[in-house]
Structures are given as structure tokens and as C-alpha cells.
1. With Val274, Val254 as the choices, which residue is in contact (Cβ under 8 Å) with a residue 40 or more places away in the chain, buried (at least 22 other Cβ atoms within 10 Å of the Cβ) and in a loop (DSSP other than H, G, I, E, B)?
2. Would a scan of the range 156-178 turn up a residue that is within 13 Å of the ligand (Cβ to nearest atom) and farther than 22 Å from Asn221 by Cβ?
3. What residue, of Ile170, Ile133, is of a type outside the set (Asp, Glu) and farther than 30 Å from Ser299 by Cα?
4. So, in the range 179-205, of the ones that are crowded, with 20+ Cβ neighbours inside 10 Å, of a type outside the set (Asp, Glu) and assigned to a loop (DSSP other than H, G, I, E, B), which residue ends up farthest from the ligand (Cβ to nearest atom)?
5. Taking the range 255-292, which residues are of a type in the set (Val, Ile, Thr) and within 16 Å of the ligand (Cβ to nearest atom)?
6. What are the pairs with Cβ atoms under 8 angstrom where one residue, in the range 102-120, is within 8 Å of the ligand (Cβ to nearest atom) and the other, located anywhere, is assigned to a helix (DSSP H, G or I) and not hydroxyl-bearing (Ser, Thr, Tyr)? Sequence gap at least six, or different chains.
7. What's the number of the only condition in (1) free of Cβ contacts under 8 Å to residues at least 40 places away in the same chain; (2) loosely packed, with under 12 Cβ neighbours inside 10 Å that Thr35 fails to meet?
8. I'm checking my understanding of the structure. Among residues of the range 225-246 that are more than 13 Å from the ligand (Cβ to nearest atom) and part of a loop (DSSP other than H, G, I, E, B), which one is farthest from Gly268 (Cα to Cα)?
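The values are calculated or read from the model by the stated rules, or taken from the named source; none is laboratory data. Computed from a predicted structure; not experimentally measured. With ideal geometry, Cβ positions are generated from the backbone for all residues, glycine too; neighbour counts draw on all protein chains shown.
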Amino acid sequence: MTSTRKSSIWHPFTQHALHDRMTRIVRGEGAYLYTADDRRIIDAISSWWVVTHGHCHPHIVRAIQNQAEQLNQIIFAGHTHDPAEEVAAQLLTLAPRGLEYVFFSDSGSTSVEVALKMALGYWHNIGVPRTRIIVMQHSYHGDTVGTMSVGARGVFNKAYEPLLFDVESIPFPAAGCEQATLDALETACKTETAAAFIVEPLILGAGGMLMYPPSVLKEMNRICEAHDVLFIADEVMTGWGRTGTLFACEQAEVTPDIACYSKGLTGGSLPLAVTLCRAEIYDAHYSSDRSRMFFHSSSYTANPVACAAARANLELWQHGAGERATSLPAMQECLIAPFRADARFENVRRTGTITALDLKASDAGYLAGIGPRLQAFFARRNLLLRPLGNTIYVMPPYCVTEADLKEIYAAIGDAADELV
Ligand SMILES: *Cc1c(COP(=O)(O)O)cnc(C)c1O
């Protein structure tokens, strides 16, 4: 098949042969996006889970403007700057107690790559031959080769499978089957070579918005601790209030050995990520021997403008931004509740500010035919929703109004009427 389209841009997760007309957005404000033809779209998925306080939040925009005039890039080896120092210091006061060092990078995937390298570097430098990573079924940790290796295998990465490294996988703790997950983790941790367990706390995002309770997270952490297996929390999606607390690990009173934050770190304004770790991991790399340093960097590590945006985001959290994130769950619950009695849907669920439900369809899964039809239906209603196959989820910016949410849920009900 040959393309005759005008644009030469190749878009992410897009089958251009089926969907070639991109919606052209010219402006964003709060929970809304405005198109070139002046339509107003409600951003019900926070532009791929990144925008927390709303598009173009004035406090963050001003911080970006000011920093851009001052210092907009500096090599981060051998150099530092106030925005990075202040973000790191603030993060350590907000993150679970026990995390002591902050490594900057520029995307969620990179923050996970860094976490995996920190874990392997730790064992290597203390002279213990542990190299195997334990993962959870249905997980998603990014699209780079390392993060695909620790994520679910499937249609997304079939072509690249020869590049991926082997991992140990434990089942997702579906309701009623939690013990099987814990037993599998215990067995995997007993393997002599087990280095680290990586997990998305409380919600597996791209895997289908699969939710499990804090008690299971807590127990998984206990098992890892008991066997000296490093516990890596990938909070790239769950961080910044999404689960109802600033970080999901708080709800299980868990301090991971390594934590990854990105998406909402700059309020969703600029790319930035951090990997936080305990002192033991940093200390294992601290030496007069240069071969033991942490061998990782990217050109834009801790970019000052992105750090200034993150600093502004942290200021918003200190000044009450969290209140919106704590009132949104109740609004979401109220609107999702009626769907629990609706026979056209199943697995109606919510964790914190995120809701999800599965439309009963003859074909399920990420490539379910219903997915693109749903997306097109919502687009006609001026709603940005992007179902994962037959799983519809709502993850709005915290400034969304109750009226916006009502519009979103009405459309979900109508979609079931019209498309099934
Ligand atoms: C989105 C996501 C990533 C990858 O982040 P990018 O910034 O897209 O590279 C990693 N882990 C989780 C849990 C995510 O949701």
C-alpha cells in the first residue's frame, strides 16, 4: 500500500493507512483544546496522561518564560543550576521517606531505563551476581528496548522480540487471585539471580487501566524486602495525584528502593523525568574508582527550562493544587457509579481520579475493532478520549468541571447505544 498524503510526519501509535487526518490543535487552555476550525474539545485523557493542572497553566507558563531568558541549556556533568537543585530538594520532601538521591532524564521510558541500570549497577558494584528482573503481567514501562523487555509482550513489540531480554513474569493480582501473585513473586524472589522487581503501583495504565489495592502493593514490597530484591516503583503515570494521593506508594506506606516520576512532573508542560533512589544504591556507585560511576546521561539531562516548569509545578502542589485532585475522585465516583448497573459494560472501576470501564464487545483486546470506532464517535462529540481497545477510561486534568464530566459520561452511554 502506498501513501498519497500531504504531510511527511509519521505519528506515534498511528496506522496512517486507516487514520490519516490529524486534528490540528492551535491552542490549549485548562481542560480544553481548540482546533484550527475553532472547535472546543474537552481533553478527557490529559493529553496522554501528562497534563495535571490544565493546559497552559499561567504559573507554569510564566516560569518557563522567565527561565528561557536566563539559562536555557547547560551540560549537567560537572555543572548544576538552581531550578534542578530546588526541584531535587523539594521532591525529596514530598516523595516517600528514605529516597535520597535524584537522577534527571527526559522521558518516562528513560527514567525506567535509568532505574534498571541503577539496579544492575548496584549489584555489579557490590559484587553480587544478581541480574534478573521480575515484572508483572500486563505491565507497560515504555517503548525503548529495555522498557519493552520489562513490559508486556504482544502485538506492540512482536517485531522487536529478538532484541528483548528475558525476564521473570508474575500474574496480575486480579480480584480474588491476589495470593497467586504473591506466591509467584515469592518464588521468583528466591531465585539467586533476582535483582529487582519493577511494578506500576495500584494501576497498570497502558495494560488496560487494571487496578489492584494498596494491601497487595504493600505485601509485594514486603516480599521483595525479605529477599533483598530491589523494589522499583514506576510512578510515571500514577504520580502527581492521579491515584488520589501525590504518589500511589503513599497509600501502601511503601518506600520503594527506586522510583520513577515523569508525565505530571512539569504539570504536563515540558518533557522531564526523575529517578529517585535510596542511599545504598548511590553509595554503591560512590568510589574513587571511575569505573564505578553511573554511566548514563542524555544531552538534555535536567534542562533548566524543564526544571523551572517542574519547580513551578511543585509550587502549585504546595499551594493547594492537591485539593482539586482530592475532590475529583468523588465527582468521578458519582458519575461512574450508574454504569455498575449497566449490562452493556463490565469491570466498572475507579482508583483516585481515574475511572475505567469495559464495553462488552465481541472482540476484546488492544486491537479490538470497537476501539477506533469509539474514538471516532467521541471525536464527533468534541471529546478527546482514546480507549484501549474496548476499555474506555477517563483521566482528566484536575481543573475539569462537573459539567465537562457529565458531558463525557453522557457520551460514553450514547456510544454504547450507537456502536454495539
Ligand atoms: C507513559 C509511561 C511510561 C513511558 O513514559 P514516556 O514519557 O512515554 O517515555 C513508562 N511507564 C509508565 C507506567 C507509563 O504510563
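1. Val254
2. The first filter runs over the range 156-178 and keeps only residues within 13 Å of the ligand (Cβ to nearest atom), leaving 156.
Those left that are additionally farther than 22 Å from Asn221 by Cβ: 156.
Within the range 156-178 (the criterion being within 13 Å of the ligand (Cβ to nearest atom) and farther than 22 Å from Asn221 by Cβ), the answer is yes, since at least one residue qualifies.
3. Ile170
4. Leu202
5. The answer is Ile258, Thr266, Val274, Thr275.
6. Sorted first by the residue in the range 102-120, then by its partner, the pairs are Gly108/Lys263; Val112/Gly146.
7. Here Thr35 clears every test but (2).
8. Looking at residues that are more than 13 Å from the ligand (Cβ to nearest atom) and part of a loop (DSSP other than H, G, I, E, B), I get His227.
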